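Engineer: Just passing along the structure, written as structure tokens.
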Amino acid sequence: MSDYMLKDLMVPVDEYASISLGASILEGILALKEAQRREFRDDPERHRDRAVLVKDPQGRILGKLSMWSIIGCLEPSYDRVKGGSTSSMAASRVGSARVLIEEIMGSSHLWRRRLSNIADETAHLKIQDLLHAPREKELIDESASLEVAIHRLVAGHFMSLLVTRDDRIVGILRLVDVFEAVCHMIMREDLQARADDGI
């Protein structure tokens, strides 16, 4: 078991960029862009935030707005593809990634219209129109072990997890911070092994 606590690795919600639920998609895009620039101005050592937390009028965190959220809202059919039979059927075949992508796009009618037209139609949407409630696997209790967090991140291909305390979201655990902790542990073990070997 590692000696790292999730509450020490997570970024607390008050230190992470946030936006209101009623904001527009354009405001969300600007908030994401500003969040990425802010770290370099305020703390050059801090890694970029890849999302913005979404708050309700009472200040509670409801979820996160990421680059994936914005891109995904341009083509709502992706939600159907994720759990649909087409992707499962195609994925079970032996073949190239190109063939798989073409089959999914063809059978699901993805990107049949120009991207500029889709973006124009999407501009009026609000954050609340595309925000989904975090799924259980996207949440992790602050008392969970680092091993459990790594499993969740890897199994779900997540860039971050929302950290909870008493059913409230209190922070965000980013893959990059977990990576740094793991790298530190590996380097520390290597140094110890070298010391033990007298190197």
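The values are calculated or read from the model by the stated rules, or taken from the named source; none is laboratory data. Computed from a prediction, not measured in an experiment: that's the story for all the values here. Cβ coordinates were reconstructed from backbone atoms using ideal geometry, including for glycine residues, and neighbour counts include every protein chain displayed.
Engineer: Could you list, in sequence order, all residues of the range 142-199 that are of a type in the set (K, R) and over 16 Å from P12 (Cα atoms)? Even if it seems obvious, please write down each step before you answer.
Structural biologist: Step one: filter the range 142-199 for residues of a type in the set (K, R), giving 152, 165, 168, 174, 188, 194.
The answer is R152, R188, R194.
Engineer: I'd like to check which strands (runs of 3 or more DSSP E) are fully inside the range 102-199 and have at least 1 residues that are under 18 Å from R50 (Cβ atoms) and either of a type in the set (K, R) or at pLDDT below 75 (or both). So that I can check it myself, show each step before the final result.
Structural biologist: Working: elements: 139-141, 160-165, 168-174.
So the answer is 168-174.
Engineer: Now, a different point. Go through the range 143-194 residue by residue and tally those that are among the aliphatic types (A, V, I, L, M) and free of Cβ contacts under 8 Å to residues at least 12 places away in the same chain. Talk me through it step by step, then tell me what you get.
Structural biologist: Filtering the range 143-194 for residues among the aliphatic types (A, V, I, L, M) gives 144, 146, 148-150, 153-155, 159, 161-163, 169-170, 172-173, 175-176, 178, 181-182, 185-187, 191, 193.
Those still in the list that are free of Cβ contacts under 8 Å to residues at least 12 places away in the same chain too: 148, 154, 186-187, 191, 193.
The qualifying residues number 6.
Engineer: Just the residues that are surrounded by fewer than 18 Cβ atoms within 10 Å (Cβ to Cβ) and touching a residue at least 12 places away in the same chain (Cβ under 8 Å), please, taken from the range 19-33.
Structural biologist: In the first step, residues of the range 19-33 are kept if they are surrounded by fewer than 18 Cβ atoms within 10 Å (Cβ to Cβ); the result is 20-22, 24, 26-27, 29-30, 33.
If the condition is that a residue be surrounded by fewer than 18 Cβ atoms within 10 Å (Cβ to Cβ) and touching a residue at least 12 places away in the same chain (Cβ under 8 Å), then S20, L21, G22, S24, L26, E27, I29 are the ones that fit.
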